Amino acid sequence: MQSATGINGLDIILGGGLPTGSAIIVEGAPGTGKTTLGIQYLYNGIQQYNENGIFITFEEFPDQIYTDMKRFGWDLQALERNNQLRVISLSPETLIQQMRETDGLFETLIKEIDCRRIVIDSISLLKFLNRDSEIKGREILYTLRNILRKFKLTSLLIQEQSDLNAEHVPFEHFIFDGLIRLSLKEHLQLFRQRTMEVLKMRGSSILEGEHIYRITEEGIYVVLASRTVADIQDSESELRLKTGIQSLDDILGGGLDRGNIYMLDTNSKANYRNIITSILAERIKAGDQLLTILSSIQSIEELAALLKLHQVDLNKVIEEKKMYFIEHYNRPLPESWRNSVFHVNDLDNEKYNHFLKYELYPKIHSDLKNEKNWFIYYDLNAIINERGTDYVLRHFATETASARSKGMTVLVLCNFKEVGNNVASFLERSCNGVLKTWVDGSYQYLQITKASNGDISKPYLLENMQDFPYIRLI
Amino acid sequence: MVSKENIPLQMECTMLFQSNPYMIETVEGLSIKLGRKADDILPIIEQLEQQGILEMLGDEISPLYRYKEPKIIQDIDFAEEVDSI
């Protein structure tokens with residue numbers, strides 16, 4: 001069960017809302033809008049979800065809060081008159097004392113308005129109740145948490161920002177169910193940007209990362225970091241090409257989009273072969289026609305061995321004329337594979353381009369007429385090595401545009417770091433999606449840094465497994 | 001009876017509770033909120049309690065006070081009377 005905040009963006013970050021009955025800390029520096037967030041949570045609870053609430057303030061005068069919140073059009077006093085809200089001002093000592101008392105004031109207030117949500121502003125002051133004893137301070141917070149749980153209240157506990165650089169993690173971060181941090185960060189040197197990050201939410205799957213928020217005339221408005229303006233796309237499942245790696249398909253929203261250009265940006269240390277092989281194997285199993293540009297470090301034999309691990313017999317695929325190769329190197333080939341290989345090692349750039357235009361494309365074009373789907377694996381590192389960056393800059397956009405117009409799906413392999421910023425930026429622009437994989441220390445990561453639906457994923461750990469499909473994203 | 005010189009403080013207290021009807025405070029807390037001495041506030045609070053404007057909660061050792069909302073609230077406009085004077 002979740003208690004939706006009704007705040008734009010925040011409920012998506014929280015996977016629906018705050019877990020019902022949980023006690024969550026909202027931490028932030030002055031001016032980050034903690035009080036506004038708390039009141040908005042209660043106001044929306046009453047107006048949208050029929051859940052009454054109590055706001056407890058230790059330092060502010062309620063009449064100041066009534067006035068401040070009027071700028072958002074929230075008439076808190078009207079809600080109080082309807083017995084849906086209470087803005088209560090009392091001291092931290094009184095709160096704890098009354099909470100502990102059987103049939104005390106706290107219990108009476110909860111029952112009086114059938115309270116479901118509560119905000120306490122701020123728990124930083126509770127810690128000062130027992131300045132001389134850290135243990136007593138902890139006891140007070142434990143008591144508070146237990147009482148809130150007992151009444152099944154979904155609570156936001158506001159806290160002044162703790163030192164972000166401190167090695168010591170505040171005790172309350174452990175005992176409460178969640179932590180939302182609001183920050184003010186320098187932006188474009190002259191401005192400050194407000195960001196929100198959910199650092200902990202027990203029992204919930206959250207959208208990680210820092211999300212920008214603004215305090216608008218309607219209150220707090222969170223713009224999700226992973227959402228940019230999305231391209232129009234068809235989300236029907238048959239238009240999604242499975243990669244053979246379930247966890248990758250999940251991140252991609254079902255798989256690669258048919259007819260799109262994807263780039264796999266990988267550094268030299270990262271093991272990308274299993275990812276590529278899995279995608280190629282899956283396309284073969286789905287009955288697609290494949291075209292592969294071979295690199296100096298991957299021959300057909302090596303590819304055949306890898307495909308075999310992914311339960312694909314390359315001999316059979318070649319025999320059925322389902323897969324073709326562009327070969328830039330003069331490497332020996334078994335007789336049975338020769339008809340599937342286009343040797344371009346003796347073609348200069350002009351002749352190579354001529355070959356693509358007048359031999360290869362017409363062949364693909366005639367196959368497309370027969371309603372065959374084409375999948376192209378394009379090792380751009382090989383083209384850069386053999387034909388130069390200038391060739392790529394001149395022809396890559398045309399080639400990808402042509403492929404896209406024919407509904408072909410293309411997977412391009414490249415090392416952005418190696419080609420330099422300008423070329424990488426040009427290549428990224430020419431693609432609908434970018435998957436980046438890299439090695440940091442002893443771990444390999446994978447992240448979707450560009451996707452046709454505008455989503456940017458968090459970095460996933462890439463785990464090697466003993467069994468098929470040999471990799472998993474965590 | 002509240003002495004004449006205490007009337008402004010009584011007004012301050014009443015206004016504070018009226019503007020913040022769900023405030024629950026000790027005399028010490030009120031002293032901080034109003035910026036007045038606790039010793040000066042105590043007799044006024046007791047007076048307001050007797051008049052039924054405030055309600056005392058808790059025990060006598062550590063009493064808490066809160067506003068007792070009147071059953072009937074009526075806005076009276078004196079503007080015309082003031083003008084005629």
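Assessment of the range B:56-68 against the conditions (within 14 Å of chain A (Cβ to nearest Cβ), surrounded by 14 or more Cβ atoms within 10 Å (Cβ to Cβ) and β-branched (Val, Ile, Thr)) yields no matching residue.
Only one of the listed residues (A:Leu95, A:Leu37) is assigned to a helix (DSSP H, G or I), at negative phi and within 34 Å of the chain's Cα centre (by Cα). That residue is A:Leu37. If you check A:Ser22, A:Ser3, A:Ser89 for being among the small types (Gly, Ala, Ser), within 14 Å of chain B (Cβ to nearest Cβ) and more than 18 Å from A:Glu218 (Cβ to Cβ), only one passes: A:Ser89.
Only one of the numbered conditions (1) modelled with pLDDT under 90; (2) assigned to a loop (DSSP other than H, G, I, E, B) is not met by A:Arg138, and that is (2). Does the range A:102-117 contain at least one residue that is over 24 Å from B:Phe17 (Cα atoms), within 14 Å of chain B (Cβ to nearest Cβ) and either assigned to a strand (DSSP E or B) or free of Cβ contacts under 8 Å to residues at least 40 places away in the same chain (or both)? The answer is yes; a qualifying residue exists.
Evaluation of A:Thr398 against the conditions (1) polar (S, T, N, Q); (2) over 20 Å from A:Ser295 (Cα atoms); (3) not in a helix (DSSP H, G or I) shows that the sole unmet condition is (3).
Candidates in the range B:36-66 are the residues that are over 15 Å from the mean Cα position of the chain (by Cα) and of a type in the set (Gly, Ala, Ser); of these, the one that is modelled with the lowest pLDDT is B:Gly58.
Answer with yes or no whether A:Ile96 is within 14 Å of chain B (Cβ to nearest Cβ) and either among the β-branched types (Val, Ile, Thr) or surrounded by fewer than 22 Cβ atoms within 10 Å (Cβ to Cβ) (or both). Reasoning before the result, please.
Numbers: within 14 Å of chain B (Cβ to nearest Cβ): yes; either among the β-branched types (Val, Ile, Thr) or surrounded by fewer than 22 Cβ atoms within 10 Å (Cβ to Cβ) (or both): yes.
It is true that A:Ile96 is within 14 Å of chain B (Cβ to nearest Cβ) and either among the β-branched types (Val, Ile, Thr) or surrounded by fewer than 22 Cβ atoms within 10 Å (Cβ to Cβ) (or both).
Scoring A:Phe55 on the criteria (1) closer than 22 Å to A:Lys152 by Cα; (2) in a helix (DSSP H, G or I) leaves a single failure, condition (2). One residue stands out among those in the range A:92-135 that are over 24 Å from A:Ile46 (Cβ atoms) and touching a strand residue (DSSP E or B) at 6+ places or on another chain (Cβ under 7 Å): the one that is modelled with the lowest pLDDT, which is A:Ser124.
Return the residues of the range A:392-409 that are of a type in the set (Ser, Thr, Tyr) and surrounded by 21 or more Cβ atoms within 10 Å (Cβ to Cβ); say none if nothing qualifies. Within the range A:392-409, A:Thr400, A:Thr409 qualify. With respect to the conditions (1) of a type outside the set (Ser, Thr, Tyr); (2) facing another protein chain (nearest Cβ under 10 Å); (3) farther than 24 Å from A:His173 by Cα; (4) surrounded by 20 or more Cβ atoms within 10 Å (Cβ to Cβ), A:Leu79 lacks only one, and its number is (2). Checked against (1) under 14 Å from A:Asp63 (Cβ atoms); (2) away from chain A (no Cβ under 13 Å); (3) in contact with a Lys or Arg (Cβ under 9 Å, 6 or more places away or on another chain), B:Leu16 meets all criteria but (2). If the condition is being away from chain B (no Cβ under 11 Å) and either surrounded by fewer than 23 Cβ atoms within 10 Å (Cβ to Cβ) or out of contact with any strand residue (DSSP E or B) (no Cβ under 9 Å at 6 or more places or on another chain) (or both), then the range A:51-73 contributes A:Glu51, A:Asn52, A:Asp68, A:Met69, A:Lys70, A:Arg71, A:Phe72, A:Gly73.
The values are calculated or read from the model by the stated rules, or taken from the named source; none is laboratory data. Being a predicted model, the structure only gives us computed values, none of them experimental. Neighbour counts are summed over all protein chains in view; Cβ atoms, including those assigned to glycine, are modelled from backbone coordinates with ideal geometry.
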